[in-house]
Structures are given as structure tokens and as C-alpha cells.
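Nothing in this text is a laboratory measurement; each read-out follows from the coordinates by a stated rule. Treat the numbers as computed from the prediction; the structure is a model and nothing was measured. Here the Cβ is made from the backbone with ideal geometry for all residues, glycine too, and neighbour counts use every protein chain on show.
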């Protein structure tokens, strides 16, 4: 195969190619058409040719005696000016000199013109058949004796190196075939040694710079003609090519020469050296292999100079573009300028990447300093003096690896402010300077796809802040508003491809985590995650990409993260329309985690605490109202949507996972309602109460409206949570009741709505059957709370708190001791002491004015509402539940009134025994009389069979009345008859009084003898005494009622004895005759019949 065709390179002549320079030796040009060569005073082309010895030279350059010490007879120092030069050159002695030069040129031309670069790579050896002397002597003579021909010798040396490299590679490719190229190799090495000596002996900078330029061009040509060949096609980069070339002796010696020249120039003129290297970079990728060697050999010496020159070249590039644009040059000229600089910056970018790959600290620090200084500068009239950031961005456009290194090594500079400053600097330049044909957005997309995970994480952190953080540009001047909006829109557009990469990584990898893929964890927790949720509230147009990112987080972190995101949505969403975004998120994540919402409900307390801490750190508070409203709306959507809707499969209804949700949510609800009440925030409290009521109703409707569901649903709680839930419901209802007042016109309707919502929630239809036995807890808790706080709620002064009875007794004892000490003081006073003096001295308290009745209308209103609500609660259930609820309400009432250990004593004992405890009965009755609420409850509960549990209360009433007639028969107070009426009414309503005793109050009003009244009441007492009731008997009776039986506990009792009543009536028949028919209707009917028979004929 022909190597010239296999390389695919460009074979146009270059400064290292011999063709042009050899031709110049053949034709002698006029002195005004030539330039100095290699720093010599006289160029060969300034010497007259043998065929034209009378040429008139125009220019004579100064001789460098040191460099031309090998040919003193050729070089002549001219000191007398132009005329003397002409005279000397026209002299006969120059003929021999010209003839000698012709011989040297002819010999060198003969060997140098045997071939060119294209011929070298055609697989036909050119110089291998010549001897070492034939190859080296002409070149040495021309180099030493004709200094102006040194450039031609350089090019000849380059051809020999090309021949050696070609044959070397051929032998690598086909070891069995090849020619002996040792003479060419030795010749090239010898000439390189000669050039090396010239460089070392040169005193000026010109010679090393030209040698450096020749070495760089030759290195580029070697890569150009050998890259792509079978031996080099295995190379994965310039490192391989460098190692391959270094194994070829001439190229290794060329590299050594290059090192010598660079080392020489770095100490003398580093800027010029770097400029030559930078200009050589226009060869593009073919110069990279030698760049890598230079960077590895002089890492600390070239870094600063190289990138300083590069930055200056970039500024020059910018200035040239501005000037040519202003001058309106042809587009082709601008295109050539752009391409020329592009090639240079590509090579510089590769050098940068190579040095960064080797952890070059000098370059790291230099790049950081240059970028930081460039970003911190303030532009003058939108013009930036320091363009180093744009310079590095240009390097990034050449290689994405450059961006990776810059981002990783300068992660502290990847901030929103610096990104803004950098974008402003880029916007101040012509776009074609940075990107020739590609739009910025397309280029950034390419960068994103090429970044590694760590770099992508840093980029994502800044991009999300720019796109979604409303305060990220806070403090910017108004003139920047337009730029900021463009930057934010661009950042949002970049989110989609970034999220696509993350989603691909998540779904294509098993067990991926933040440690293995860092972009996932950047916004996975805390305030960063909340930033994305809040962004949806501000702009719904951002929701698609945010939902996809949240999907990535949920997939990578697991179902608990999906639950956390769900509760963050419910807390943050302020508008119902935004809730559809949350539904979209559930639709995206449900195929992967079917029970996301169930996990949220079961971990509600912990997740809410976690989010609340995040809110607190930001100075925010969680809105319970928003949370409850969103839960209600979700439940409503599930109830009303079609069975084919995806919402049906999100498992919105809590079902068996309601425990933690309900208890945690209601704790927050009651706490916030109480705060609103204390701050008199009526709007806030009313809104939260109405939302809570809707939540309860929605839960109950979610159970009852399930005809399309495959199975029945219930509101279910664990046993350990059921009691707490019902207590919370009772406390919630109490809280609403507590704030009923005339000043709040809507407080009554609000309480009615609350009562209805709570009642619908605790119905048999909604609750799981296992919870039916716990409903009483609600009634008992609500009733107890109201009675224990009767003073606060109803304005009553009576103490209904049985737990504080001992303290009350101690207070009473203290008052008794104070009374005794007061009597002792009075006895010690003289009779002359005036009463007014005792009052003024404090011995006697001043007479208290009659306290104004502090029981306000609001208290009366609350009392009425409480009693009526309890009545409704007891009646709103099925019969079995009515008995339980009324039973527990009766027990609460009994415990509130009976503190003296008689609440469990249902049995009526012998009167002589019972009257020993009359003081306790009196306390119970006084409490009952002083509490209108208790009287109302007695009236309500007496309509239920379970009022039998309140027999101790009836016993106390009857005992007090009997005791009054027995101990004080002469003066019976009016309240004694009131107590008897109360006893009779309650006993009649609860079916605990025989029909024969219904008229006893009327009889008592007509009796004139207190002793007779005592005997009548004692007869009633004996009736109950004969019943021999106990708690066990009452429980059995209530159990029978729960089984469906309908009878009174006294239905099977023995009829009361009426002999005492008959005797009392007969004793005062004139006054009590009308009462006979009330107690003995049957006997009266018989007597009437007998009278009619006697009267009839």
C-alpha cells in the first residue's frame, strides 16, 4: 500500500518542507527582495551568482563574526557605506568566492532535491541507498560555509527525519519487510547535533526562536503524515503517539533539541517563546503530542507564561474582530480569522487538560486567580478590561474536559452571582468569538451531556437556584432586570435535559444513590427540596420539569422520600388548581410505589416534625389550614371521580392508616385554634374550624359513598389510638363550645356545624365495627370536660370536680379556723369598742356588697347549647349505642355531683342508718341546685333508661326532703317542696316511680301535719328499699335492654303499700278527700258503684 495515500494528510508545503527553500538557492534574488536569515549579516541570496556577477546589491546586513568564524574568507565586514560595498562586490576577488558557493550549492542541491515530503511517504526509499558521507557532507558544507542556506539545511534535515520516521513505522507495521535506513538515521542525528551546537553558541534570541519554530512545524508534520496509519491507529491519544516517536532516535533527538531551545528561551525571552509555541498551535491536533511533552517537561515554567500569552492572544483576537467588523471586511476574512484562532485555542485547551490531569498545582492556582479576578471586576460602560473568564470559556468550547477540570477545581466559584457576572461578560462579546456557528443553548446542552456526575451536581445546584429561587438575584439594580429574566428562562430550559440525564441514570442503574450519582442528592432534603415545591406554587408552568426531578428523587431514595415530598406538597399548596400538580406527581410515582400516601399517613408525625424544623430554620410556619384544606379537596376528588380515573388508585382515603394522621393533625388543629382564640383572630379560627369539619365529613363520606368500590371501607383506628382520637374529638368540640358568645354571631352556627361533623364521623356506618365499643369515650370525655370547667364555661360557682374535693375541704377547714380566731378576738374586746372601729381596723371584715350575678348571657347560652348537644348526641345513634352513650353521660354526671363516696351506692338502706349520712346527701343536693347545667342534664338523661345509674342522686333528693320533715316539722322551707317536685319529675321521666306515687307532691302541699308528710315520704323510701337494687342488678337490666327488651327496672317490683297514705288521708278527710281519688282510683270507682246501687230504686 502506498503510504502517501494511507495517511490522508495534507501535503502542501510548509516552513519545514524543502521545496521552496531549495528553489531559493537556485535563483539569486535581488538584495531588496530578501530578508536576513538565521541572524547572519550577509544572506546567501545577497551574494552575486556566477552567471550574473555584476548584480547591484541594495542592502548589506551587518556581519556576525562569532557565527561565521568557519568562513572568514567569505564574510567581509563593510564599514564605508553603500559606495564601498558596490566597489568591493564588483572586484575580481569575488569571482572565486562565487564559484566556491556554486559548487557547494550544487552539491547540496543534488542531494536535497532527491524528493519531497509526498515522495517520502510513497513507500519508495529516497536517501537510504546513499552513503553516510554523501548525505552529510553537502549539508555540513552548506550549513557552515553558506550561513544564509541554513534554513534549507533545516528543511533537508526535516526530510531525513521524515524518511527515518516513515521507515521506522513501516518496520513496526511489517517487521519482515523493510530497508536499511541506518545511514539516513545517522545523517539526521548528525545534523541535529550541528543545529544543537548552533543553538547553544547563539548569543541573540533570533536563532533559537527560528530553530524553535522549525522544530514545532516539523513535529506537526510528523503527526500529520503518520496519524491514521495501522501502527498509530491503535493510539487512543497523543500520549501513545509521543511514546511511539520517542522510540525513533532522530525524533528523540529532535525532542531533545526542542527541550534545549525552550529551556534557553524561557530564561531569556519567555513571552516570545510562548508566542511561537502558541502560533504553532494553529496546526491543531497534530501539535498536541509535542505540547504534551513540553507541558510534562516544563510544567512549572510554562504554565503562567503560556496562559498569560493565551489570554493576551484572546484579547488581541477580540480587538481584531471588533476592528474588522467595524471596517466591514468581507465575511471570508472574518471566517479565516475565527478559524485561525480556533485552532490555536484548541491546542491550548488540550495542554490545559493535560496539565490538569497531572494535578498541576501551578495551573490550578493560576486558573482560579485569573477567573476570580475576571469575575470580580466591574465593567466600564459594559466594557470588560479583564476577559480571562471569556478566555477560559473559549477553551471550554474547544474541549468539555476543560470545563470538568475548571468546575471541580473551582467549585467555590460556582455561585449564582459569579454565573451572572460570567454571563454578562460573555454577552459583551461577539458571539462568533466564543462559538462560531452553534447557539449558546445547544453548546451548553452538549456540555451537560458530557459532564461527569460531580460536575453536573455543581452545575445543577446553581441552575436550580437561578431558575426557581425568587430571592437569588435580590439586591440587583433595576437595569439588570432584563438580563436576569433571560438568565432565569435559560436556566429553566436547561433543567429538562439535566433531569432527563438523571432519570436515565436512575432507571438504568440498580441501587443508584447519592454517593454513586451526586446530582440526585443536591436538592433531596431540607430547604433545598422545599424550594422546588414552593416554585410550583409560584409558577405552574415549571411543574413538568419539577415533577420529573421529584420522580427521580423518589425513585432513588425510596417510598419514604416520596411520602415526604407528598406531605410537602400538601403543606405548601395554596390554590386548589395547584393541587393538580400534586396529582400529576402521584400519577408519575404510583407505578413504582403503590402505597405512597399510605406511607405518608403512617409516618405523618415524623415527617411533619422534619418539615417543621426546616420551616423554622427559614423563619416560616406550617399552615395547618392549608394542609387540612388540601386533604379535604383530595378526599372530595376521590369521592366524586369516576372509577376509571387514576385518582381511585392513589389510595387517598386513609382507611387503616388514619391513626397517626388523625392524632397528629388534630393536635395541631386544636393548638392553632386556641392560639387564634387568644389572639382574637376570628377569621383564622373560623376558617380552620370549617376546614376541620369538612375534613371529618369528607372522611365519613369516603366511607358511605363507596358503592363503586370493590369492598366496604371503614374508618379504622388501632385500639391504642382509638381512645386518644375520641378524646381529641371531644376536646375539639369543647374548644368550639367554649368560644360561643354574642360578640361572635357565627359562633352558634359554627358549633352546630362542628357537632354535625363530629356526629357524622363517629356513626356506626362510618366507624369500623371494632371501634363501636369506644364511642362512649367521646361522650364521656366531652361531658367531663364541660362539667369540670363549669365555672369557665357556664359561670357557675359550684365545684363539680371530684378530684379537688379534698382541697375544697381543706379550704373550708381553714375558714373554720379563721372563724374561731375571730370569735376569740371579739371576746377580748371591751364593750365600749364601736363596730365601725372594728371594721376600720380590719378585725371585722366589711360587709360585702351583694355580688352582681356574673353568669352572663354568653354563659347561659353555652349551657343551653351544651345540654342540647348532649341530648342530640345521645339520640342520634342506634338504640344499642344510645344506651351506652347515655349510660356514660349519666355516670359522668353522677361523679360530678357525688363526691362523698355515695355515687356507687344505689341501694336504699334503712332510714335510721341512711340519715346518719344526711350531710353528704345535703352536699350533693346543694351542688345539683346550684348548677343549672346539671339540672338540665338530669332532665335530658332522665328520658333514657340508663338514668337508673343516677339513683344515688334521686336517693339524696328524697333523703333531704325526708330529713327536713323529720327534724324541723314546724318550719318547712319552700325549697323542700321544690326538691320533692324535682325528685318526682326525674323519677317519673325515667320510669323509676310507681304510678301510685305520682301525686305525692300534691298531697304534700295539702298536708297540715309535718309528721304525716314524713310518714308518707318514708313509705316511698321503703318502696325503693324493698327493690334491693345494686350496680350489678342495674347492669343486668341495661344488658337486657340492649338485647331488645323494653321494660322498666321497677316493672316487676311489688306494689307499694298504701296503708300509711290511706291513714293520712283519712286522718284529715275534710281537706284531703280530693286526694283519695288520686291514690285509690279503683276503690273510689267501687264506692261510686255501690252508692249508685243504693240510690237506685
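Here are the numbers for this structure:
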{"item": "Extension reserve of the residue 534-residue 1040 stretch, reckoned as 0.36 nm per residue once the Cα distance is removed", "result": "176.1 nm"}
{"item": "Global geometry of the stretch 299-437, whether rounded, prolate or oblate, following the gyration tensor of its Cα atoms and the 1.5 cut on a/c", "result": "oblate"}
{"item": "Cβ-Cβ FRET estimate between residue 939 and residue 791, R0 fixed at 30 Å, reported to 0.05", "result": "0.90"}
{"item": "Gain on full stretching of the segment that runs from residue 385 to residue 118 - 0.36 nm per residue minus C-alpha separation", "result": "91.4 nm"}
{"item": "Exposure proxy ranking, count of Cβ atoms within 10 Å, fewest first, for 539, 382", "result": "382, 539"}
{"item": "Global geometry of the stretch 193-313, whether rounded, prolate or oblate, following the gyration tensor of its Cα atoms and the 1.5 cut on a/c", "result": "oblate"}
{"item": "Label zone at residue 675, where the point sits 7 Å out along the Cα-to-Cβ direction: the stretch 605-648 residues whose backbone N lies under 11 Å", "result": "620-625"}
{"item": "Label-point separation in nm, residue 247 to residue 525, each point 7 Å along Cα→Cβ", "result": "5.3"}
{"item": "Normalised contact order of the stretch 299-437, rounded percent, pairs of Cα under 8 Å and 6 or more residues apart", "result": "31"}
{"item": "For peptides 370-376, 612-618, sequence by mean Cβ density within 10 Å, most packed first", "result": "370-376, 612-618"}
{"item": "Rg(Cα)/(2.2 N^0.38 Å) for the stretch 942-1085, N = residue count", "result": "1.10"}
{"item": "Cα centroid separation - the stretch 952-990 against the stretch 209-261, whole Å", "result": "124"}
{"item": "Cβ-based exposure ranking for 663, 187, 967, 913, in which fewest neighbours within 10 Å come first", "result": "913, 967, 663, 187"}
{"item": "Added length on full extension, which subtracts the Cα-Cα distance from 0.36 nm per residue, residue 110 to residue 329", "result": "74.2 nm"}
{"item": "Where labels lie 7 Å past Cα in the beta-carbon direction, separation of residue 1071 and residue 133 in nm", "result": "17.6"}
{"item": "Residues listed by number, the stretch 528-560, amide nitrogen under 14 Å from residue 575 label point at 7 Å toward C-beta", "result": "535-543"}
{"item": "Spacing of the two label points (7 Å from each Cα toward its C-beta) at residue 746 and residue 481, in nm", "result": "3.8"}
{"item": "Residues 752, 659, sorted so that the one with the fewest Cβ neighbours within 10 Å comes first", "result": "752, 659"}
